[in-house]
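Okay, structure first, notes after.
The values are calculated or read from the model by the stated rules, or taken from the named source; none is laboratory data. Small disclaimer: the values here were computed from a predicted structure and weren't measured. So basically every Cβ, Gly included, is an ideal-geometry build from the backbone, and we count neighbours across all protein chains shown.
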Amino acid sequence: MFIEKYLDIDQENAQQMINATEKMIIEKHGDNGFQNTKVYLFDDYAVLKMQNITFRNVINQDIDLKHLERLAVTLLELQSLGVSSVPISAFQSINGNGFIIQPRAKGAELYDKDKISDKNYVMERVKLLSYAPQEHFDKFVADIIKIISAGIIVDFMGKDNFFYDENIGFQFIDLNAHYDYEYGNGEKFTDDDIKQMVVFGSFLPCYFDTAPQYRDTVTKVFSELNENERSLLKEYNTVIFNKCKIALFNNEISEKTINEIILSERFFLQNQQFELVCLDKTS
Ligand SMILES: Nc1ncnc2c1ncn2[C@@H]1O[C@H](COP(=O)(O)OP(=O)(O)OP(=O)(O)O)[C@@H](O)[C@H]1O
Ligand SMILES: [Mg+2]
């Protein structure tokens, strides 16, 4: 079955880019073998070539891609409200193999998975992010709340699902599924659930790992730092941590909720890796 949809790009332009990918190098790969995403970058657009496009969040079937279309409409609405979520401009699928076209995010990944084993790259990113103005962090948190509240999954596992540009601030990519309850599985989130997810995700600009597949890399980077770099990393990370925390306050999340997360088991690993952030100084 062939399904195509063009939301805010015309068919001809979309088709030209899709055709051009045949002769292009693959710039980025997704981590998830199920969809096996291959990414081609144009000046203004990213074309994602994917398998199993007729599944949302791996387990939910979307044979006619009506859920993907609904998602694309919601993303455009969020964009019109000023949320920095990268929308879906068009998609095509032939029996589940196909393409998603998105505007290209500005700036660079928070931490690019192809570079994160390089300590110099990590130090550079942490420094840059520590200089980001408080308003960028405030909007990052405000946008996370709006995207999750719209029922769209923010995938906090990969720090490369978030871009940072010094002029624009933080942007969100990899928004290609709703939370399972939107497909009729499980309960809708309560406000409290959302707050907990937001607090957990909002510290992502700090340097620590988020998922088991990155654990060895983070350990390796830490072990390669000399004393001076270690103390600098701690300093930059602490600045970022505090800006994230202020952003949560500025978005009306209570100190009680914040402390519940950062002192909890769920945040244990991050705290350990941080040794870094002296929680007693910041709470
Ligand atoms: N719109 C975009 N603008 C710029 N770069 C992009 C865009 N979409 C994807 N990329 C690049 O391609 C990478 C993989 O894309 P994406 O995260 O959407 O795929 P994925 O299959 O969900 O990957 P994973 O499972 O690793 O999260 C991103 O981390 C980013 O580096
Ligand atoms: Mg991703």
| query | Residues of segment 45-84 being polar (S, T, N, Q) and assigned to a loop (DSSP other than H, G, I, E, B), which ones? | reply | 51, 52, 54, 57, 84
| said: Looking at 41, 68, 76, can you tell me which residue is at pLDDT 95 or above and buried (at least 20 other Cβ atoms within 10 Å of the Cβ)? | reply: 68
| request: Could you look through segment 197-218, keep only residues that are of a type in the set (S, T, N, Q) and at pLDDT below 95, and pick out the one that is farthest from residue 150 (Cα to Cα)? | output: 217
| query | Residues 61, 11, 35: which one is farther than 20 Å from residue 105 by Cα, within 13 Å of ligand 1 (Cβ to nearest atom) and in the same structural domain as residue 87 (by TED's automatic domain parsing)? | reply | 35
| message | For a quick check of your reading of the model, give me the residue pairs whose first member lies in segment 11-22 and is over 11 Å from residue 101 (Cα atoms) and crowded, with 17+ Cβ neighbours inside 10 Å, whose second is modelled with pLDDT of 95 or more and not polar (S, T, N, Q), with beta-carbon atoms closer than 8 Å and at least 6 apart or on different chains. | response | 21/40; 21/47; 21/49; 21/99
| message | Please go through segment 175-201 and give me each residue that is without any contact (Cβ under 8 Å) to a residue 60 or more places away in the chain and either within 16 Å of ligand 2 (Cβ to nearest atom) or in contact with a strand residue (DSSP E or B) (Cβ under 6 Å, 6 or more places away or on another chain) (or both), ordered by number. | response | 201
